[in-house]
Amino acid sequence: MGAQWKHAPRLAASNKRGALIGKLVKEITVAAKVGGPVPDSNPRLWVALEAARKQSVPRDTIDRALKRGAGLTDENIQYELVVYEGFAPHKVPVIVECLTDNRNRTAPDIRNLFKKGQMGAPGSVAWMFDHYGMVEATHADKSLDLETVAIEAGAQQVETLDHDVPEGHVGARFYCDRTDLDKVAKYLKDQKWSVTTSEMSYVAKNFIELDEVQKKEVSDFLHDIDEHDDVHRVYAAIK
């Protein structure tokens with residue numbers, strides 16, 4: 001399967017704390033709206049809250065986001081997920097997911113970012129990716145057989161996680177049908193796995209081979225897109 005361009009916590013790449021907090025708060029709001037405001041029964045919300053706490057997002061800010069998502073405030077903010085497709089430099093396929101309350105603002109912004117990137121361009125690339133549910137988690141028992149865990153959890157594929165794994169722990173990335181995402185995440189939590197990511201994910205079917213100079217050009221392009229306030233996830237067909 002291969003690693004994605006940017007691993008969890010993907011939001012942590014932002015260099016601007018205000019933008020980072022804004023993205024975290026938006027994810028909490030949407031997660032609470034989609035799956036309910038109780039984190040124990042909503043893996044997506046649980047992960048979003050953990051990410052916010054790690055970034056020291058103020059408690060009152062988190063509480064407002066939860067109430068907004070649960071419809072307990074007078075605010076009428078409606079976020080929608082909008083997906084844009086295109087190519088980074090050197091014809092690397094890219095999928096950009098945005099959470100926005102105004103697609104008429106977001107769409108031209110994303111188009112301009114593609115135009116600004118040297119050799120970047122919009123285009124249809126979704127067929128070059130598989131769309132899975134994806135859970136990343138770690139466990140204190142390194143003797144666990146990951147294939148067995150994946151089967152018992154209901155995941156179709158598993159690979160060893162090579163980042164953000166505490167010393168003495170094992171880490172894994174589980175891929176499953178999108179409809180099984182919550183079930184897999186809940187099973188892992190019940191089995192004492194520490195879930196760090198639970199989300200829908202695009203995984204490239206094939207990866208573009210680049211030299212170091214080309215990788216930097218693509219990485220710079222992707223970071224420019226990722227810095228946009230409405231951009232939620234960026235997936236690219238590079239390792």
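The values are calculated or read from the model by the stated rules, or taken from the named source; none is laboratory data. Keep in mind it's a predicted model, so treat the numbers as computed, not measured. FYI the Cβ positions are ideal-geometry reconstructions off the backbone, even for glycines, and counts take in every protein chain you see.
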If the requirement is being closer than 18 Å to Tyr235 by Cα, in contact with a Leu (Cβ under 7 Å, 6 or more places away or on another chain) and surrounded by 13 or more Cβ atoms within 10 Å (Cβ to Cβ), which of these qualifies: Gly133, Gly171? Gly133
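A quick yes/no check of all residues on (1) modelled with pLDDT under 90; (2) charged (D, E, K, R); (3) in contact with a helix residue (DSSP H, G or I) (Cβ under 9 Å, 6 or more places away or on another chain):
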{"residue": "Val82", "(1), (2), (3)": "no, no, yes"}
{"residue": "Glu85", "(1), (2), (3)": "no, yes, yes"}
{"residue": "Val92", "(1), (2), (3)": "no, no, yes"}
{"residue": "Ala121", "(1), (2), (3)": "yes, no, yes"}
What pairs come out if I take residues in the stretch 72-92 that are among the aromatic types (Phe, Trp, Tyr) and pair them with residues that are in a helix (DSSP H, G or I) and surrounded by 13 or more Cβ atoms within 10 Å (Cβ to Cβ) whose C-beta lies under 7 Å away, six or more apart or interchain? Tyr79/Lys26; Tyr79/Thr29; Tyr79/Val30; Tyr84/Ile110
Could we say that Val218 is touching a Phe, Trp or Tyr at 6+ places or on another chain (Cβ under 9 Å), under 30 Å from Gly18 (Cβ atoms) and either crowded, with 18+ Cβ neighbours inside 10 Å or at pLDDT 90 or above (or both) here? yes
Picked from the stretch 9-19 (must be of a type in the set (A, V, I, L, M, F, W, C), under 27 Å from Tyr175 (Cβ atoms) and surrounded by fewer than 21 Cβ atoms within 10 Å (Cβ to Cβ)), the residue modelled with the lowest pLDDT is Ala12
I need the full set of residues from the stretch 24-52 which are of a type in the set (Ser, Thr, Tyr) and surrounded by fewer than 19 Cβ atoms within 10 Å (Cβ to Cβ), in order please. Ser41
